[in-house]
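Below: one structure, written as structure tokens.
Read-outs throughout are calculated quantities, based only on the coordinates presented, and are distinct from any laboratory measurement. Just so we're clear, the structure is a prediction, and the values are computed from it rather than from any experiment. So basically every Cβ, Gly included, is an ideal-geometry build from the backbone, and we count neighbours across all protein chains shown.
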DNA sequence: TTCTTAAACGCAACAATGTTGCGATTTATT
DNA sequence: AATAAATCGCAACATTGTTGCGTTTAAGAA
């Protein structure tokens with residue numbers, strides 16, 4: 001893997017994501033980060049953080065891409081992205097639901113590598 | 001609800017989607033429909049078909065929006081969009097997996113209205 | 001600490017995707 | 001056939017994401 005560096009912009013963006021209760025989109029990060037760095041740089045930093053497995057990418061039901069900090073399972077060092085997410089149709093917040101464990105029967109002839117389970121409706125704030 | 005009409009463009013697009021094994025994106029429909037109607041019209045027709053509950057919208061893991069014909073459950077007239085989809089990371093096809101039934105424990109304090117369950121990996125064609 | 005170099009950056013330009021307004025056309029009803 | 005509202009095409013615009021390139025900067029080596 002290519003050498004990666006810690007820059008002020010990268011650290012700032014990672015902090016933003018880590019400190020956020022909900023997943024953030026590029027546009028939201030840009031607003032929160034007002035003039036810290038260029039729009040293009042944000043794209044590149046997000047790509048790098050995803051590649052480094054520090055954050056993960058979530059596609060919301062309307063196609064917006066959001067980013068959230070990964071919760072690594074320190075006990076077994078087995079890290080999967082098979083999170084369950086909740087997308088609020090009113091405030092558009094996206095939250096990781098670590099407590100919900102989905103189960104399903106594996107389809108035949110398909111090789112399943114990742115599971116993306118998104119529930120939508122109203123979050124506790126909007127009920 | 002507003003009165004809706006059947007136009008040639010609308011019928012053609014619906015046929016395309018119905019006859020397709022995989023879910024189609026706006027760009028794919030535009031290519032298949034070469035010059036049948038304007039790009040903007042395709043957006044509007046897709047919105048209408050979704051509103052009329054004839055097709056449904058799927059967000060792929062990379063944020064691309066695709067459309068597929070709805071499989072109504074004629075036996076009980078209870079129509080839900082809680083489909084399971086499979087997104088191939090190689091050929092980018094999106095397929096509805098009607099046979100897979102996911103189960104999960106409902107999170108507290110959240111009002112779940114829709115379930116979106118997308119598996120990704122390799123489809124039978126790409127394995 | 002200074003030197004070195006590749007990673008990361010800003011900027012400009014571009015491509016793709018989605019939206020809006022409006023006058024012209026068309027569908028379905030009277 | 002006449003009518004009215006839905007739909008369309010076109011132009012213009014907004015947003016989102018990508019690429020190339022010269023400059024800056026982080027981090028290891030001297």
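Overview of results
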{"item": "For B:61-69, mean number of other protein chain Cβ atoms within 10 Å", "result": "3"}
{"item": "Computed helical MRE - 222 nm, chain A, DSSP H runs ≥ 4 contributing -39500 (n - 2.57), nearest 500", "result": "-7500 deg cm²/dmol"}
{"item": "Compactness index (Cα Rg / 2.2 N^0.38 Å), segment A:27-67", "result": "1.20"}
{"item": "Translational diffusion coefficient (Stokes-Einstein; Kirkwood radius from C-alpha pairs) of chain A at 4 °C, 1.567 mPa s, in µm²/s", "result": "81 µm²/s"}
{"item": "Pseudo-label separations to other copies for residue B:34 - Cα-to-Cβ vector, 7 Å, nm", "result": "5.2"}
{"item": "Antiparallel %, DSSP beta bridges [both residues in chain A], to 5", "result": "65 percent"}
{"item": "Label point distance in nm, residue B:4-residue B:98, each placed 7 Å from Cα along Cα→Cβ", "result": "2.0 nm"}
{"item": "Inter-copy separations for residue B:47, label at 7 Å along Cα-Cβ, nm, ascending", "result": "3.2"}
{"item": "For residue B:5, label point 7 Å along C-beta direction: distances to other copies, nm", "result": "6.1"}
{"item": "Folded to 0 to 90 degrees: helix B:8-19 orientation relative to chain B principal axis, Cα", "result": "40 degrees"}
{"item": "Computed lengthening from residue A:89 to residue A:51, 0.36 nm per intervening residue step minus Cα-Cα distance", "result": "10.8 nm"}
{"item": "Ratio of Rg to Rh over the protein assembly as shown (Cα coordinates, Kirkwood Rh, two decimals)", "result": "0.98"}
{"item": "Between helix B:39-51 and chain B: long-axis angle, C-alpha atoms, 0 to 90°, nearest 10", "result": "50 degrees"}
